[in-house]
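Every number in this text was worked out from the coordinates using simple rules, so none of it is lab data. Not measured: the values here are computed from a predicted model. Quick reminder, even Gly has a Cβ in these numbers, built from the backbone with ideal geometry, and neighbours come from all protein chains shown.
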Amino acid sequence: MSTTLTTSPTTTPPPTDQPPRQRRRRQRERPNYLGGLSGWIWLVIIILPLYYVVMTSFKSQVGFFSSNPLLPALDPTLDNYALVLRSGFVTYLVNSIIVTVGAVGPALLVSFMAAYAVVRGRGRFIALTNTVFLMGLAIPLQATIVPIYLIITKMGLYDSLLALILPSAAFALPISVLILSNFMRDIPNELFESMRLDGASNWSILWHLVLPMTRPAVVTVGIYNALQVWNGFLFPLILTQSPDKRVLPLSLWAFQGEFSVNVPAILAAVVLSTLPLLLLYIFGRRQLLGGLTAGFSK
Amino acid sequence: MTAALSERGTRVRAQARTRGPSGWFAAPALVLFFVFALVPVIGVVALSFTSWNGLGAITFDGTVSWRKVLADPVTLNALVVTGKIMLFSFIVQAPISLLLGVFTAGVQKYRALLAVLYFIPLLLSSAAVAIAFKALLDPNFGLGPVSGLALLRQDWLGNSDLVLFVVVFVIAWQFVPFHTLIYQGGVKQIPRSLFEAAEIDGASRMQQFFAVTLPQLKYTIITSSTLMIVGSLTYFDLIFVLTAGGPGYATRLLPLHMYITGFRANDMGAASALGVILVVIGLVLALVLQRLGGRDRSSSQLDGA
């Protein structure tokens, strides 16, 4: 119990509380052949398609049809990237950013508040809240695209970015409330009591106690939802129509139709659409992996 | 009146001091969820008894849509395809994720590096993954012809005997990293003392795995499996872009069938009926998995750790 208590709600990610010498001894004594072998095989399985996509995106169309797909291009070219950028890529990128920030920000805020109510509040209404979000986890919400389409058209939002933001934010709530409230439960009761005795309001407690104690969970939930929304395809497909409202995943599908046999250009679009997240990953990797493992493995 | 208000104010504050936050803190989330998730769940049931082409008027239609959907062999086929993909992708993903998760939880530096690389597929959208594999699996210009092996020279996406397994493979490629991460985190939370005790007792690596790691990961396994199984009801974009449900109906699983029925064939009533089937399957699966887990998820998880 003490180990979980010290690792999970604080900001440090769980691992390594073991003296290094002991670790080395363990490793020498028992090499894990099965794990090692599958680990490296899986690495190849992961890398090969990515390598192929990047290599091909630098090939000319002629080069693509004539060369070995696994060898680097003989005549590397940036034409494909230029073509993608000329075809409205920046608009789609901006749309994706607006939708992701617009959905994840509010979803995070309201689910944080709701999780606080679920954990610290009492009463029938709050019990109902908890039940509603737990049920929301079990329902494959994609099944409801027809009524969502109806609601969005009735609200006059069809073919707007707001049409993507609202349901995406709503769908993010159950898992967010679940993870955040799991973390909040681990905050010792005494801390709440002492802040209450000092006369702190709920907002003050939320801001000065709960947020610092659950920061890894907030980061986790934020990243997880951002990935979901950024890569979301179904809502854009059914709720938008015009090219200037396209988000990146949908634009890839559209490029596929537009460029048809120009595979290198399509793959250049794939690379470009992944680049923003890859950059974020490179700079925020520690935070991201630590947060995700802490959030879901509880 | 002001006195009454301020009196009420102090009472509320006093309550807040003793009782914690009021339900208002949950209200914004509930309202958002109500409008865009609960109303649609009720709406999908209601719409399944109507006929609507997506543009015109919605008319009550009794059980016409239901009879149509239930009599349609494509529905049954979609159910079978969904079940197969769910089962196969679980069988493939669960052991690999568990193994890789345990492996990358090791303290060696290179394992941490592997975990970093494993994560990359999660950054790609399903549309991107599907497009990449479409190019990769192309029978003329993909990897197969290059390998020079006849075995790999297949029309992977055009052969209805193979396509299902290809889809399962691509799903695994995309989602194993996520589950690996979950297991990695789970393993790291197991108290070291348990392994040390097992080691002192002379337990082999295998014995440690089955006697310590696996039981300790119980809840992680339930979480990961639930996400995998219920999640497989939502594979839509990947398969939509990769195969569009083809060849024929070979990979047209339920969500895709619902989309095509509603937004391509403009039969929103039938699509809603299919949606209801999806919701029911999801709820039943979640209940069964919950029962298997045998845990009150709303209690603090520190208790049994």
Kindly provide the trypsin sites (Lys or Arg not before Pro) of the stretch A:174-259 that DSSP labels as loop, not H, G, I, E or B, and whose Cβ sees at most 16 other Cβ atoms within 10 Å.
-> none
Give the shape of the protein assembly as shown as rounded, prolate or oblate, defined through the alpha-carbon gyration tensor: a ≥ b ≥ c are the square roots of its eigenvalues, a/c under 1.5 means rounded, and otherwise the shape is prolate if a/b is larger than b/c and oblate if not.
-> oblate
Protection proxy (average C-beta count within 10 Å per residue), highest first, orders B:103-116, B:174-187 as B:174-187, B:103-116
In whole Å, largest first, the alpha carbons of chain B cover along the principal axes 87, 73, 31
Summarise the partner chain shielding of A:128-138 as one whole number: the mean count of Cβ atoms from other chains within 10 Å of each residue's Cβ.
-> 5
Could you list the residues of the stretch B:161-194 with an amide nitrogen less than 19 Å from a label point located 7 Å from the Cα of B:Ala211 in the Cα-to-C-beta direction?
-> B:190-194
Peptide-level mean, for A:165-172, of C-beta atoms on other protein chains within 10 Å | 4
Per-pair calculated FRET efficiency, R0 = 56 Å: B:Ile200 and A:Val101 via Cβ, rounded to 0.05 = 0.60
When a/c is below 1.5 the answer is rounded, else prolate if a/b is larger than b/c, else oblate, so apply that to chain A with a ≥ b ≥ c taken from the square roots of the Cα gyration tensor eigenvalues.
-> oblate
Tell me the chymotrypsin sites (Phe, Trp or Tyr not before Pro) within the stretch A:49-144 that lie in a loop according to DSSP and have at most 11 other beta-carbon atoms within 10 Å.
-> none
Say R0 is 41 Å: what FRET efficiency, to the nearest 0.05, do B:Asp161 and A:Thr91 get from their beta-carbon distance?
-> 0.45
With +1 on each Lys and Arg Cβ and -1 on each Asp and Glu Cβ, and nothing else charged, work out how big the dipole of the protein assembly as shown is about its Cα centre, in Debye to the nearest 20.
-> 1440
Gap separating the Cα centres of the stretch A:66-132 and the stretch B:99-119, nearest whole Å | 26
If one compares the long axis through the Cα atoms of helix A:215-230 with the longest principal axis of the Cα atoms of chain A, the angle in degrees, nearest 10, works out at 30
Any of A:Lys59/B:Lys188; A:Lys245/B:Lys188; A:Lys154/B:Lys68 with alpha carbons more than 32 Å apart? Name them for me.
-> A:Lys59/B:Lys188; A:Lys245/B:Lys188
Where only C-alpha atoms are counted, convex hull volume of the stretch B:84-249 per residue in Å³ | 136
About its Cα centre, how strong a charge dipole does chain A have in debye, to the nearest 20, once Lys and Arg get +1 and Asp and Glu get -1 at the Cβ?
-> 960
Local net charge near B:Trp66, Cβ-Cβ under 14 Å (Lys/Arg +1, Asp/Glu -1) | -1
Rounded to the nearest 500 deg cm²/dmol, what is the calculated helix-only ellipticity per residue at 222 nm for the protein assembly as shown, with -39500 (n - 2.57) per DSSP H run of length n ≥ 4?
-> -21500 deg cm²/dmol
